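Visitor: This structure is in structure tokens; I'll ask about it shortly.
The values are calculated or read from the model by the stated rules, or taken from the named source; none is laboratory data. On a predicted model such as this, the values are computed, not experimentally measured, just so you know. When we count neighbours, we look across all protein chains shown, and the Cβ atoms used for this are built from the backbone with ideal geometry, even at glycine. Quick note on the areas: whole protein, heavy atoms, side chains included, nothing else; ligands and nucleic acids left out. Shrake-Rupley method; radii C 1.70, N 1.55, O 1.52, S 1.80 Å.
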Amino acid sequence: MNRVYYILISSLFIAQTFGQVSFSDQANALGLNLTCGTTYLGNGVTFYDFDNDGWDDITLNTEFGEEIRFFKNINGVFTEIFPNIPYFDYQTKQVNWVDIDNDGDKDLFVTSDYEGNRLFENIGDLNFQDITVAAGIDPENMFSYGASWGDYNNDGYLDVFISNRTALHNNILYSNDGDGTFTDVSLEAGISTSGHGSFCSAFLDINNDGYQDIYISNDRPLNPNILYKNNGDGTFTDISISSGTDVTIDAMTVTVGDFNNDSWFDIYITNGPIGNVLFKNNGNETFTDVAVSSGTVFNSVSWGASFFDADNDMDQDLYVCGEFDATETNFLKAAFYLNNDDETFTLNNESFPGDERAAYSSAVGDSDNDGYPELIVTNSFDQDLFFWKNNTPHTNNWLKLKLEGTVSNRDGIGSTIEISINGEKQYAYTHCGEGYLSQNSGTKLFGLGTNTVVDYVKVTWLSGTVDVLTNVSANQQIDLVEGSNPELSVEESSLDNFVIYPNPVGNKLFIRTTMTDYDINIYDVVGKLYLSYSDFKSNQIDVSLLDSGMYFIQFINGNQKITKKFSKR
């Protein structure tokens, strides 16, 4: 009798533990009772604030004969709107909201495997003009699927990598020239000139060197996946073989996250029935497939996937879209893997009841700004989409971070975020176009468990600027501008006699100090001396002749040297 009682209590405890993570499909209630149609190999989705009002909106790719659909989030409920955009109704694959010109509003890039890609400039208030040809983007059909944006040359403007699923066209890397035009730099950058049947890609930093690398998922076993290492000089080297990432599978998504919180970003790749791949980053430019040992192999047919902390318990869970619907009885339909915080996951599909439609793309956002993430999933074969509302009990705390670049690109894409609580760290990377044909929220959400204070938040921007916030309270969103909270070295912390402002700076850098006799040197990031003053007595320096970028200002007073970092707009 005691044994039966023990088993019963244990079973209840396990069910209660895993049952706490709860989602329900609220598409109808939120104004999203619709279908994306029937599109070969699925439609893309974005869960992104396209009008900068602080609420994550939704944009849907559709089938042939239908326009792209836009749904504005109004206090957690979605209303379809119709931006002023040139009419087109052909089949599209992915939408990216991206600030191509750093003017603060979101431009629109659309890929298609039917009529060619299009770039629309936002000229204000969601009025768009087609600048595809004028911008230097090839308008011909290249059978494009995914598009991922990053700043591969760290010049402060977002470039785009386009994945073409055909043997007829190579993938394309367009460099943003900073004047509204783009240049195809694929050949000079070292991108393969062959077609690889590519579905999608993602920019990420595999070795934490501050330069964005590119990983590509290629369809069919004759096309191994590709990892391009950024050499830091505008070129890439194919390290697919040496890194161990050259898998030859029916690869679909490239989903990036740090599932074990070790500061090295990992990659999840979906596949057919032989199993998905979870590449654990070993920290030495090699990866190990741990899908089997982690319990995330899936062994069905899957497409999109999303890393997110579903219950805000400080680790990344994983959702996987499955191609099969309720009519298929022999294969897994979809998967929600709960992170056990020991490099293993537990399949917990009870958290998503009724998840049995032909799913292709998923994106993560926070529809009601309550600090708990939601998930939108597009389905094919005229099956309604899913909007998975997070009903998990709000017993854990959270922190949101939205970035604004000044020297780096305006959207802060390519930044690494590190937070620490009692020595326990989490890491996130900012993307624009990651996952299968998807775009997640532009706001990064961290689960904090029951902790109420974050010891520090550290953001490393592509410019090299590092911002640090300390003693950050839970359950708030922080809008962080690049250079507004510069990191202090150990020396600076103990000898903080100087304050410089503003940072980033325009033409004049101001100094506040109690010292009256000191020298000044200004260097760039490679140590080149630009300005030098002896016995400096003014409270301002003219830096108008400096180019945009990051610099170091050194104050010297006798044997003391104090160095501070600043950015020039």
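Visitor: Which of the residues belonging to segment 203-238 are in contact with a Gly (Cβ under 9 Å, 6 or more places away or on another chain), among the aromatic types (F, W, Y) and within 16 Å of F287 (Cβ to Cβ)?
Guide: Y228
Visitor: Could you check segment 140-170 and list, in sequence order, the residues that are among the polar types (S, T, N, Q) and under 21 Å from D219 (Cβ atoms)?
Guide: At the first step, the residues of segment 140-170 found to be among the polar types (S, T, N, Q) are 141, 144, 148, 153-154, 163-164, 166, 170.
Answer for segment 140-170, where residues must be among the polar types (S, T, N, Q) and under 21 Å from D219 (Cβ atoms): N141, S144, S148, S163, N164, T166, N170.
Visitor: Out of the residues in segment 358-383 that are among the charged types (D, E, K, R) and at pLDDT 95 or above, which is farthest from D311 (Cα to Cα)? Give the derivation first.
Guide: Of segment 358-383, the ones among the charged types (D, E, K, R) are 366, 368, 370, 374, 382.
Next, only the ones that are at pLDDT 95 or above stay: 366, 368, 370, 374.
On the way: D366: 13, D368: 15, D370: 12, E374: 11 Å.
Only one residue tops the list, namely D368.
Visitor: Any residue at all in segment 238-249 that's surrounded by fewer than 16 Cβ atoms within 10 Å (Cβ to Cβ), in a loop (DSSP other than H, G, I, E, B), β-branched (V, I, T) and modelled with pLDDT under 95?
Guide: No, segment 238-249 contains no residue that is surrounded by fewer than 16 Cβ atoms within 10 Å (Cβ to Cβ), in a loop (DSSP other than H, G, I, E, B), β-branched (V, I, T) and modelled with pLDDT under 95.
Visitor: Answer yes if at least one residue in segment 446-459 is in a loop (DSSP other than H, G, I, E, B), touching a residue at least 12 places away in the same chain (Cβ under 8 Å) and within 30 Å of C200 (Cα to Cα), and no otherwise. Talk me through it step by step, then tell me what you get.
Guide: Keep residues of segment 446-459 that are in a loop (DSSP other than H, G, I, E, B), which gives 450-452.
With touching a residue at least 12 places away in the same chain (Cβ under 8 Å) added as a condition, the list becomes 450-452.
Going one step further and asking which of them are within 30 Å of C200 (Cα to Cα), we end up with none.
The answer is no, given that none of the residues of segment 446-459 is in a loop (DSSP other than H, G, I, E, B), touching a residue at least 12 places away in the same chain (Cβ under 8 Å) and within 30 Å of C200 (Cα to Cα).
Visitor: Can you tell me how many residues in segment 101-132 are in contact (Cβ under 8 Å) with a residue 24 or more places away in the chain and open to solvent by 10 Å² or more (accessible area, probe 1.4 Å)?
Guide: 17
Visitor: Quick one: which strands (runs of 3 or more DSSP E) sit completely within segment 253-312 and have at least 1 residues that are in contact with a Leu (Cβ under 8 Å, 6 or more places away or on another chain), crowded, with 18+ Cβ neighbours inside 10 Å and aliphatic (A, V, I, L, M)? Working first, answer last.
Guide: Working: elements: 255-257, 266-269, 277-281, 287-289, 302-308.
In segment 253-312, the matching strands (runs of 3 or more DSSP E) lie at 255-257, 266-269, 302-308.
Visitor: Looking only at segment 507-536, which residues are under 11 Å from I553 (Cα atoms), in contact with a Gly (Cβ under 9 Å, 6 or more places away or on another chain) and either among the polar types (S, T, N, Q) or not in a strand (DSSP E or B) (or both)?
Guide: The answer is V525, and nothing else.
Visitor: Could you list all residues from segment 260-271 that are over 20 Å from S148 (Cβ atoms) and touching an Asp or Glu at 6+ places or on another chain (Cβ under 8 Å)? Full working, then the answer.
Guide: Step one: of segment 260-271, the residues over 20 Å from S148 (Cβ atoms) are 260-263.
Across segment 260-271, the qualifying residues are N260, N261, S263.
Visitor: Can you pull out the residues in segment 524-558 that are over 19 Å from G156 (Cα atoms), among the aromatic types (F, W, Y) and open to solvent by less than 50 Å² (accessible area, probe 1.4 Å)?
Guide: Within segment 524-558, F536, F555 qualify.
Listed here are the residues, each with its yes/no results for (1) modelled with pLDDT under 95; (2) within 28 Å of D524 (Cβ to Cβ); (3) among the hydroxyl-bearing types (S, T, Y); (4) over 17 Å from the mean Cα position of the chain (by Cα).
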| site | (1), (2), (3), (4) |
| --- | --- |
| A428 | no, no, no, no |
| Q439 | no, no, no, no |
| K444 | no, no, no, no |
| N451 | no, no, no, yes |
| V454 | no, no, no, yes |
| V466 | yes, yes, no, yes |
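Visitor: So, restricting to strands (runs of 3 or more DSSP E) that lie completely within segment 71-135, which ones have at least 1 residues that are closer than 18 Å to A147 by Cα?
Guide: 94-98, 107-111, 118-122, 128-130
Visitor: Here's a follow-up. Taking the residues in segment 144-188 that are in contact with a Phe, Trp or Tyr (Cβ under 6 Å, 6 or more places away or on another chain) and either among the polar types (S, T, N, Q) or in a loop (DSSP other than H, G, I, E, B) (or both) as candidates, determine which candidate is most open to solvent (accessible area, probe 1.4 Å).
Guide: Looking at residues that are in contact with a Phe, Trp or Tyr (Cβ under 6 Å, 6 or more places away or on another chain) and either among the polar types (S, T, N, Q) or in a loop (DSSP other than H, G, I, E, B) (or both), I get R165.
Visitor: Is one or more of the residues making up segment 340-348 of a type in the set (A, V, I, L, M, F, W, C) and either modelled with pLDDT under 95 or more than 21 Å from Y427 (Cβ to Cβ) (or both)?
Guide: Kept after step one, since they are of a type in the set (A, V, I, L, M, F, W, C), are these residues of segment 340-348: 345, 347.
After this cut, where a residue has to be either modelled with pLDDT under 95 or more than 21 Å from Y427 (Cβ to Cβ) (or both) as well, the list is 347.
Yes, that holds for at least one residue.
Visitor: Restricting to segment 36-69, and then to whatever is of a type in the set (S, T, N, Q) and within 14 Å of S362 (Cα to Cα), can you tell me which residue is surrounded by the most Cβ atoms within 10 Å (Cβ to Cβ)? Give the steps one after another, and end with the answer.
Guide: To start, the set of residues in segment 36-69 that are of a type in the set (S, T, N, Q) comprises 38-39, 43, 46, 52, 59, 61-62.
Filter again for within 14 Å of S362 (Cα to Cα), leaving 43, 46, 59, 61.
Numbers: N43: 28, T46: 30, T59: 22, N61: 27.
Out of the qualifying residues, it is T46.
Visitor: Can I ask one more? If you scan segment 86-96, which residues turn out to be open to solvent by less than 30 Å² (accessible area, probe 1.4 Å), in contact (Cβ under 8 Å) with a residue 40 or more places away in the chain and either of a type in the set (S, T, Y) or farther than 19 Å from C36 by Cα (or both)?
Guide: T92
Visitor: Which ones in segment 313-338 are among the small types (G, A, S) and open to solvent by 20 Å² or more (accessible area, probe 1.4 Å)? Break it down into steps so the answer makes sense when it comes.
Guide: Taking segment 313-338 and keeping what is among the small types (G, A, S), we get 322, 326, 334-335.
Answer for segment 313-338, where residues must be among the small types (G, A, S) and open to solvent by 20 Å² or more (accessible area, probe 1.4 Å): just A326.
Quick grid of which residues meet (1) free of Cβ contacts under 8 Å to residues at least 60 places away in the same chain; (2) under 25 Å from M314 (Cα atoms); (3) not hydrophobic (A, V, I, L, M, F, W, C):
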position	(1), (2), (3)
P393	no, yes, yes
L401	no, yes, no
G405	no, no, yes
A428	no, yes, no
N440	no, yes, yes
W461	yes, yes, no
V466	no, yes, no
V499	yes, no, no
